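The values are calculated or read from the model by the stated rules, or taken from the named source; none is laboratory data. Owing to the predicted nature of the structure, the values given are computational and were not obtained by experimental measurement. For the accessible areas, the whole protein counts, side chains as well, though only heavy atoms, and no ligand, DNA or RNA atoms are used. Shrake-Rupley method; radii C 1.70, N 1.55, O 1.52, S 1.80 Å.
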Amino acid sequence: MNFWHLLSSFGNSAITIPITLIVAIWLLASREWRTSLVWCVLFGFSMVLVLITKIAFVGWGIGIESLDFTGISGHATRAAMVFPVLFYFGLQRAPRKVNSFGVILGMVLAVLISISRVMVNAHSGSEVLAGWLLGTGMALIFFQIIKTHVILISRRWLLACSFFLLFISPTVKPLQADDMIAQLALKISRHNKAFDRSRWGHEMHEMHFWFRRATAS
């Protein structure tokens, strides 16, 4: 597994969704009922947007050909939303500067995961940019909501569980989410064949060559 594939594995739904649930459990265990609900609603809303854009393209070919956009990247969206919040709560009891550094570290990790999706030819630049903007926007909304009061997370063993998921991420088998989305899109659209970017005459390795060259220079 090369560097970019390793980074990409951190954004797998098999990793980020359990972490999202653990954050919700942290908040519930700390009697932050409303905050936990807000967190789940924001995450769910972002995933619905990702799903809608992907189904629209696979089922009906609705996308933006000029931008090579076939749907919002789920990896980029989840990474940009989950990791800054994870590190924020994980370093909550640390000095303010360390806590702020943790949030920045989470954002940097999300950027790298987003880039990795282009580097492994899973998404175009426009798709990961849309995902990163969506996830970052959801994270900022969440931070804006919780800044009005101090949340003291209890049950520290839950924190260990979350970071354990990060360590084992390279060994976790990714969920076949794209296959499930394709089946759902075909069922809804009642088409026999899924749309893909080849109908635009696009080849992923050609479309992404400029990105790999730019990051290598």
Heavy atoms of residue 149 accessible to a 1.4 Å probe, total area in Å² rounded to 10 = 80
Sorting 178, 68, 196 on solvent-accessible surface, 1.4 Å probe, most exposed first, gives 178, 196, 68
Rank 33, 4, 60 by accessible area, highest first, at a 1.4 Å probe radius?
-> 33, 60, 4
Using modelled backbone amide H atoms (1.01 Å from N, in-plane), which distant-in-sequence or interchain residues come within less than 5 Å of residue 69's amide H?
-> 64
If ligands, DNA and RNA are left out, what is the accessible area of residue 147 with a 1.4 Å probe, given in Å² to the nearest 10?
-> 140
Quick one: accessible surface of residue 148, probe radius 1.4 Å, all protein chains present, in square angstrom to the nearest 10.
-> 110
